[in-house]
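The values are calculated or read from the model by the stated rules, or taken from the named source; none is laboratory data. As the structure is a prediction and not an experimental result, all values here were calculated from the model. All Cβ positions, glycine included, derive from the backbone under ideal geometry; neighbour counts span all protein chains shown.
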Amino acid sequence: MNFKNTVLVAIAAIFMISCAETKKEEMKALKYVDEPHSYAQPNEAVITHLNLDIDVNFDKEVISGTASYDITNNNEATEIILDAKNLVIENVQADGKDTKFSLGTYNESLGQSLNITIAKDTKKITVFYQTTDKTEAVQWLNPQQTQDKTQPFLFTQGQAILTRTWIPIQDSPQIRITYDATVRVPKELMAVMSAENPKVKSENGEYHFKMAQKIPPYLMALAVGDIAYKAVSNRTGIYAENSMVDVVHEEFSEMEKMVVEAEKLYGKYAWDQFDVIVLPPSFPFGGMENPRLTFATPTLIAGDKSLTSVIAHELAHSWSGNLVTNATWDDFWLNEGFTVYFENRIMEALYGKERADMLGLIARQDLDEEVEGFKDAPENTHLKLDLSKRNPDDGMTSIAYDKGFMFLKTLEGIAGRENFDVFLKNYFQGHAFSTMTTEKFIKYLNENLLEKHNLSFNTDEWVYNPGVPSNAFEIKSDKFENVSNTLKSIVETNKVDASVVKDWTTQEWVYFIRNFPEDITPAQMAIIDNAFDLTNSTNSHKAMVWYEQAIIHNYKGNNVDTKIEEFLIRVGRRWYVSTLYKAFAKAGKTDEGLAIYKKARANYHSVTMNTVDETLGYKE
Ligand code: BES
Ligand code: ZN
């Protein structure tokens, strides 16, 4: 090589090295995107592992102890910032020695930043803290609020930004940590977490947990109560209060089959164990996908497995959400839309296309109602949201769920199921244990599905525009056609042919009830009630939609008012109770709703309280 070439090669090499350096810098800097709902600056310094050591004190209703983190300093930072809300921070140590810390200004939804001084080479920080009576994630229940009525109960709810109210943490869905925990509870009780769990009570009330896979902080979860375990298979099972163990076990006896079908679709279950704990009725959600241990409402126990699609939904989150996680709450549809689609596929695999189509059509109807409800604020109907100055809870509407579902269902229709399944499986496996933004997903979609198969698709319209695009896949259900005809004939003739409804499933009942004409009269509702005894239905979903109609149409038969009040006081599932309070408001009966709410409110978890306070304009 002559001199000139040597110089050229050297220059090229220097250029390449410096490019690689800038690339590295850029990659480092771009690792975490801006996230408006966390004070953490993970590009500066980030937590990687949590060691939690806490006491759960039911007498004082306080959790206290230490949260120790392994940290990585990404940018020679001199502080690490955690999120904290309504916690007492007693002391902080860096590598075992007291260090300076300060709390920032309090924000109503975000809480405070906890700024901790570190050295460039600090490896570990330890926060000594306690919860307070304003800790929103935790609900402390007295024995009367449980099924068995003998022991108190506690559960936490982390999503979206409540983990910071019971653990000081970098509470952004982009961050992933493994964790170990030691939890001390009264010895009559068992503690379980979103981790490897005990199957029997310990002698002294001390429990040790390990979560070996990296999870985002919103999936940290704890429940404590007088509960027992019963296995469904060698990797699935249920926890419930003693008197419910057998019924719950029977209701969810198809958990293993669900996991098998889910794995066939999108690859191996990544979390080893899939258990469900049925909580007391104030639990604010149908289900919550805490890894290894889904938290569920007892309202799913219908006696005939008819409401188990919620379990399929939470299981589906083991891929969409827990494995591939929305990077920010603006991308929430990537968690929920994919999960509703996947849930529908699991239900189809287990129970056939007819059932899946009914569920799909109910989702479509929810979506249309939600779009209509947002007609004065259409930006709320975009898949990708801008929640930067709002509470992430505002994004928890049917849009993320059902428009997200329709988007994927439409894509499936265009690409063909086989291609679409290959695409989705690669998407989940290729991004396992990492986070996803809407933009990154669209790029992936273009490269791996649309361009690959030469397809054109109005992705941007679906994601960034309001409403439902006109190419939405049309879901049809013969079963629901029949239901519509039956309903039509009942309201036209005021006569009921009970034989027609003999084999109706819960989904058909729900569709029937929800589609009452606006001018249905209380007398017509009485005919229906007397024939089908809907007021006394023990199926929570059927009862809920019936109560909604009773409120809206002033139906008073069969003591339905008493039933509604009893339901609203006992159950805290947000979707159910907020539907009923909204019905009171819609019917111009806010006062009636408020009168019940005043009796029920103390029984609700904070997320349900916040929603209903707003619906009814309630002020403490
Ligand atoms: N992850 C959600 C619950 C959630 C969302 C909690 C946002 C807090 C903030 C869970 O998977 C869910 O979607 N639950 C639904 C059930 C489902 C079948 C639609 C529910 O609770 O109704
Ligand atoms: Zn979900």
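Kindly check whether there is at least one residue in the stretch 457-464 that is exposed (fewer than 13 other Cβ atoms within 10 Å of the Cβ), out of contact with any Asp or Glu (no Cβ under 6 Å at 6 or more places or on another chain) and acidic (Asp, Glu). The answer is yes, given that some residue of the stretch 457-464 is exposed (fewer than 13 other Cβ atoms within 10 Å of the Cβ), out of contact with any Asp or Glu (no Cβ under 6 Å at 6 or more places or on another chain) and acidic (Asp, Glu). Here Leu315 fulfils each of the conditions (1) within 14 Å of ligand 2 (Cβ to nearest atom); (2) surrounded by fewer than 22 Cβ atoms within 10 Å (Cβ to Cβ) apart from (2).
Results for (1) of a type in the set (S, T, N, Q); (2) over 20 Å from Gly416 (Cβ atoms), shown as yes or no for each residue.
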site	(1), (2)
Glu451	no, no
Leu455	no, no
Glu474	no, no
Ser477	yes, yes
Glu481	no, yes
Thr486	yes, yes
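Criterion first (under 30 Å from Val248 (Cβ atoms) and not in a helix (DSSP H, G or I)) does Asn344 satisfy it? Judged against the criteria, Asn344 is not a match. Just wondering, is there one or more residues in the stretch 285-296 that are touching a Lys or Arg at 6+ places or on another chain (Cβ under 7 Å), near ligand 1 (Cβ under 10 Å from one of its atoms) and polar (S, T, N, Q)? No, the stretch 285-296 has no match at all. Screening Phe332 with (1) farther than 25 Å from Ser253 by Cβ; (2) in contact with an Asp or Glu (Cβ under 9 Å, 6 or more places away or on another chain); (3) within 15 Å of ligand 2 (Cβ to nearest atom) gives one miss only, at (2).
Phe342 meets each of the listed conditions (1) touching a strand residue (DSSP E or B) at 6+ places or on another chain (Cβ under 7 Å); (2) away from ligand 2 (no atom under 14 Å from the Cβ) apart from (2).
Taken over the stretch 406-436, the criterion of being closer than 13 Å to Phe332 by Cβ and either touching a His at 6+ places or on another chain (Cβ under 7 Å) or not β-branched (Val, Ile, Thr) (or both) is satisfied by Met436 alone.
What residue, among those in the stretch 347-383 that are in a loop (DSSP other than H, G, I, E, B) and surrounded by 19 or more Cβ atoms within 10 Å (Cβ to Cβ), is farthest from ligand 1 (Cβ to nearest atom)?
From the stretch 347-383, those in a loop (DSSP other than H, G, I, E, B) are 352, 374-377, 382-383; that's our starting set.
Of the ones still in play, those that are also surrounded by 19 or more Cβ atoms within 10 Å (Cβ to Cβ) are 382-383.
Numbers: His382: 17, Leu383: 15 Å.
Per the stated criteria, the residue is His382.
Considering the stretch 501-620, the qualifying helices (runs of 4 or more DSSP H), each wholly inside and each with 3 or more residues that are surrounded by 19 or more Cβ atoms within 10 Å (Cβ to Cβ) and within 16 Å of ligand 1 (Cβ to nearest atom), run over 506-514, 540-552, 574-586, 606-616. If you go through the stretch 586-620 and pick out every residue that is hydrophobic (A, V, I, L, M, F, W, C) and more than 22 Å from Phe285 (Cβ to Cβ), you end up with 3. Within the stretch 470-500, the set of residues being part of a loop (DSSP other than H, G, I, E, B) and under 36 Å from the mean Cα position of the chain (by Cα) comprises Ser470, Asn471, Ala472, Phe473, Glu474, Ile475, Lys476, Ser477.
Within the stretch 318-337, the set of residues being within 11 Å of ligand 1 (Cβ to nearest atom) and among the acidic types (Asp, Glu) comprises just one member, Glu336.
Given the criteria in the same structural domain as Leu411 (by TED's automatic domain parsing) and crowded, with 19+ Cβ neighbours inside 10 Å, does Tyr341 qualify? Please lay out each step first, then the result.
Details: in the same structural domain as Leu411 (by TED's automatic domain parsing): yes; crowded, with 19+ Cβ neighbours inside 10 Å: yes.
Yes.
Number of residues in the stretch 423-462 that are assigned to a loop (DSSP other than H, G, I, E, B) and either outside the structural domain of Leu385 (by TED's automatic domain parsing) or in contact (Cβ under 8 Å) with a residue 40 or more places away in the chain (or both) equals 6.
Just the residues that are among the hydroxyl-bearing types (Ser, Thr, Tyr) and either under 20 Å from Val276 (Cβ atoms) or surrounded by fewer than 21 Cβ atoms within 10 Å (Cβ to Cβ) (or both), please, taken from the stretch 174-208. Break it down into steps so the answer makes sense when it comes.
Here is the first cut: in the stretch 174-208, the ones among the hydroxyl-bearing types (Ser, Thr, Tyr) are 178-179, 182, 194, 202, 207.
Selection gives Thr178, Thr182, Ser194, Ser202, Tyr207.
With a requirement of 2 or more residues that are within 29 Å of the chain's Cα centre (by Cα), the strands (runs of 3 or more DSSP E) lying completely within the stretch 71-149 that satisfy it span 79-84, 87-94, 112-117, 124-131, 138-141. Being among the acidic types (Asp, Glu), at negative phi and away from ligand 2 (no atom under 16 Å from the Cβ) holds for only one residue in Glu370, Glu354, and it is Glu354. For the structure I just gave you, tell me whether Phe342 is of a type in the set (Phe, Trp, Tyr) and within 14 Å of Glu412 (Cβ to Cβ). So Phe342 passes the test. Count of the stretch 202-238 residues, restricted to those that are part of a strand (DSSP E or B) and among the small types (Gly, Ala, Ser), is 6.
Is it the case, given these coordinates, that Asp171 is in contact with a helix residue (DSSP H, G or I) (Cβ under 6 Å, 6 or more places away or on another chain), part of a loop (DSSP other than H, G, I, E, B), crowded, with 24+ Cβ neighbours inside 10 Å and touching a residue at least 24 places away in the same chain (Cβ under 8 Å)? Outline the logic, then answer.
Numbers: in contact with a helix residue (DSSP H, G or I) (Cβ under 6 Å, 6 or more places away or on another chain): yes; part of a loop (DSSP other than H, G, I, E, B): yes; crowded, with 24+ Cβ neighbours inside 10 Å: yes; touching a residue at least 24 places away in the same chain (Cβ under 8 Å): yes.
Yes; evaluated as a whole, the condition is true for this residue.
All conditions in (1) among the basic types (Lys, Arg); (2) within 16 Å of ligand 2 (Cβ to nearest atom); (3) within 15 Å of the chain's Cα centre (by Cα) hold for Arg292, with the sole exception of (2). Summed over the stretch 297-317, the residues that are near ligand 1 (Cβ under 9 Å from one of its atoms) and among the hydroxyl-bearing types (Ser, Thr, Tyr) give a count of 2.
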